Amino acid sequence: MSLIVQKYGGSSVADAESIKRVAKRIVETRKAGNEVVVVVSAMGDTTDELMDLANEVVPMPSGRELDMLLTAGERISMALLAMAIKGLGVEARSYTGSQAGMLTDAQHGSARIVDVTPGRVRAALDSGAVAIVAGFQGFNRGTGDITTLGRGGSDTTAVALAAALDADVCEIYTDVDGVFTTDPRMVPAARKIDTITSEEMLELAAAGAKVLYIRAVEYARRHGVTLHVRSSFNNNEGTLVINPADGESNVEEPLIAGVAADLSQAKITVVGVPDIPGKAAQIFTTVARAGANIDMIVQNVSAAATGRTDISFTLPKTDGPGTIAALEAARADIAFETLQYDDQIGKLSLVGAGMRTNAGVSAQLFTALFEAGINIEMISTSEIRISVVTRADTIAAAVRVVHTAFGLDSEEKAVVHGGTGR
Ligand code: ADP
Ligand code: ASP
Ligand code: MG
């Protein structure tokens, strides 16, 4: 008997019909003799809608209350799914994050899992029932409050439960057939990848490929959980995320795994910073205190005449207003001239383990963008990734030309089975 954790994303449980379809699939897995733990997201775009509602009530909702509100989404889908499974004659019980033992720190909106004690889930399985767990939510023992793990966090719930229960596999069911060479919603020529290394998947997820949440990939790698990303709309094999260090694969890796786009970032330029030691430290200490997660940093050569320089960095748009306010408050101290805020940027990233041993990749990337008339504003690299910032409205075209230039285009048109892409 295998223990299988199945996670269903919002688009797979968007309405009553979809919930019944997913319930049938779960019942089939149970009847095939497996123990089944299901992690479910909120229906369709519920989380976004609840977030919009909160923002209509007040511009900066309290973290504690926002978590109370958002976790209601998963509570609805878990109960409906359990009802549907029972309706098909199989015992099922739903559990909130705290009932399932998802213990986290107290950071509302981006809590980290500190322990998983799935005693009630285990007991449900032992009694022959299917356990349904609300994704994306946890509980902090210190404060006694409900927390959420960050947008897309149901993937992490599934992986954490799979690790704690020593599951055989963690299946991530979504609205596309697996992980593709780029977002199939943006580029129909995207190609499905059969196996991808966790290292590459981490880079793609970090670069904006939201098909898997980065923290779930990290957690899976650390705990040796096998991930299978697949569609809930058909029975096709999806994508296996493997860890070659475990000897699961020794095939030579392709040069490029995929291309990711990220439109969620903004750029702040601190103009006229005195070019003397300590200024970067002051700026980024201020930024860190504001809680912003910065990504790329570029410092211009200073103009000799003025002895001043400009420093630009990218950060999530959601961190923009708080960071601007913090820097403004420190303006006299840091002695910069002005701030510029630009939220019309996009980031394109090319990811591939083969890059490590291939020198020509950057040149090929920059040439493809040049030939398409796309201007590069910032560049950053890691061992297996190159990222460039361009204007937001050129990102879709940029991804298409880069995908083609690296020979990733598929003859077959990728199918997107559901979801709104929100
Ligand atoms: P779920 O609601 O199931 O969690 P998400 O919307 O979080 O689904 O993730 C699935 C979506 O991720 C797809 O519909 C697709 O538009 C997007 N996506 C972005 N990059 C990729 C990629 N490289 N491969 C597959 N899907 C991707
Ligand atoms: N419902 C949450 C979100 O939309 C968590 C998830 O779906 O993974 O972010
Ligand atoms: Mg998701």
Being modelled with pLDDT of 95 or more, under 26 Å from Met296 (Cα atoms) and among the polar types (S, T, N, Q) narrows it down to one residue among Thr381, Thr394; which is it? Thr394
Residue in the stretch 379-390 that is within 19 Å of Leu204 (Cα to Cα), free of Cβ contacts under 8 Å to residues at least 60 places away in the same chain, assigned to a loop (DSSP other than H, G, I, E, B) and open to solvent by 30 Å² or more (accessible area, probe 1.4 Å) present: yes
Report the residue count in the stretch 168-182 for those that are more than 16 Å from ligand 2 (Cβ to nearest atom), open to solvent by 20 Å² or more (accessible area, probe 1.4 Å) and in contact with a helix residue (DSSP H, G or I) (Cβ under 8 Å, 6 or more places away or on another chain). 1
Is it true that Glu65 is away from ligand 1 (no atom under 16 Å from the Cβ), within 20 Å of Thr148 (Cα to Cα) and either without any contact (Cβ under 8 Å) to a residue 12 or more places away in the chain or buried (at least 24 other Cβ atoms within 10 Å of the Cβ) (or both)? yes
Of everything in the stretch 391-422, what is under 29 Å from Thr47 (Cβ atoms), basic (Lys, Arg) and part of a helix (DSSP H, G or I)? Give them in sequence order. none
Out of the residues in the stretch 168-182 meeting the condition of being among the charged types (D, E, K, R) and part of a loop (DSSP other than H, G, I, E, B), tell me which one is farthest from ligand 3 (Cβ to nearest atom). Asp168
Applying the selection to the stretch 151-167, what residues are in contact with a helix residue (DSSP H, G or I) (Cβ under 9 Å, 6 or more places away or on another chain) and either of a type outside the set (Gly, Ala, Ser) or within 11 Å of ligand 3 (Cβ to nearest atom) (or both)? Arg151, Gly152, Gly153, Ser154, Asp155, Thr156, Thr157, Ala158, Val159, Leu161, Leu165
Quick test of your reading of the structure: Glu56 fulfils all but one of (1) open to solvent by 20 Å² or more (accessible area, probe 1.4 Å); (2) of a type outside the set (A, V, I, L, M, F, W, C); (3) within 20 Å of Ser154 (Cβ to Cβ); (4) over 23 Å from the mean Cα position of the chain (by Cα). Name the failing condition by number. (3)
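Residue by residue, here is whether (1) within 13 Å of ligand 2 (Cβ to nearest atom); (2) surrounded by 24 or more Cβ atoms within 10 Å (Cβ to Cβ); (3) among the aromatic types (Phe, Trp, Tyr); (4) more than 25 Å from Ala292 (Cβ to Cβ) holds:
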residue	(1), (2), (3), (4)
Ala84	no, no, no, yes
Ala92	no, yes, no, yes
Gln107	no, no, no, no
Ser110	yes, no, no, no
Gly119	no, no, no, yes
Gly128	no, no, no, yes
Gly150	yes, no, no, no
Ala158	yes, yes, no, yes
Ala162	no, yes, no, yes
Count, please, the residues in the stretch 183-212 that happen to be in a loop (DSSP other than H, G, I, E, B) and open to solvent by less than 10 Å² (accessible area, probe 1.4 Å). 4
Given the structure, is Ala163 in a helix (DSSP H, G or I), in contact (Cβ under 8 Å) with a residue 40 or more places away in the chain and on the phi < 0 side of the Ramachandran plot? yes
Within the stretch 218-245, of all residues that are outside any strand (DSSP E or B), open to solvent by less than 40 Å² (accessible area, probe 1.4 Å) and touching a residue at least 60 places away in the same chain (Cβ under 8 Å), the one nearest to ligand 1 (Cβ to nearest atom) is Ser232
Just name the residue that is nearest to ligand 2 (Cβ to nearest atom) out of those in the stretch 259-296 that are touching a residue at least 40 places away in the same chain (Cβ under 8 Å) and open to solvent by 40 Å² or more (accessible area, probe 1.4 Å). Ser264
Pairs, first part of a loop (DSSP other than H, G, I, E, B) in the stretch 28-48, second basic (Lys, Arg), C-beta under 6 Å, six or more apart: Asp45/Arg422
Kindly indicate whether Gly101 is surrounded by 15 or more Cβ atoms within 10 Å (Cβ to Cβ) and on the phi > 0 side of the Ramachandran plot. yes
Selection from the stretch 261-299 of residues closer than 22 Å to Thr394 by Cβ and of a type in the set (Lys, Arg) yields Lys267
Please determine whether any residue of the stretch 26-39 is open to solvent by less than 60 Å² (accessible area, probe 1.4 Å), out of contact with any Ser or Thr (no Cβ under 7 Å at 6 or more places or on another chain), over 27 Å from Asn140 (Cβ atoms) and within 16 Å of ligand 1 (Cβ to nearest atom). yes
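The values are calculated or read from the model by the stated rules, or taken from the named source; none is laboratory data. Since the model is a prediction, treat every value here as computed from it, not as a measurement. Quick reminder, even Gly has a Cβ in these numbers, built from the backbone with ideal geometry, and neighbours come from all protein chains shown. All accessible areas refer to the heavy atoms of the entire protein, side chains included, with ligands and DNA or RNA removed. Shrake-Rupley method; radii C 1.70, N 1.55, O 1.52, S 1.80 Å.
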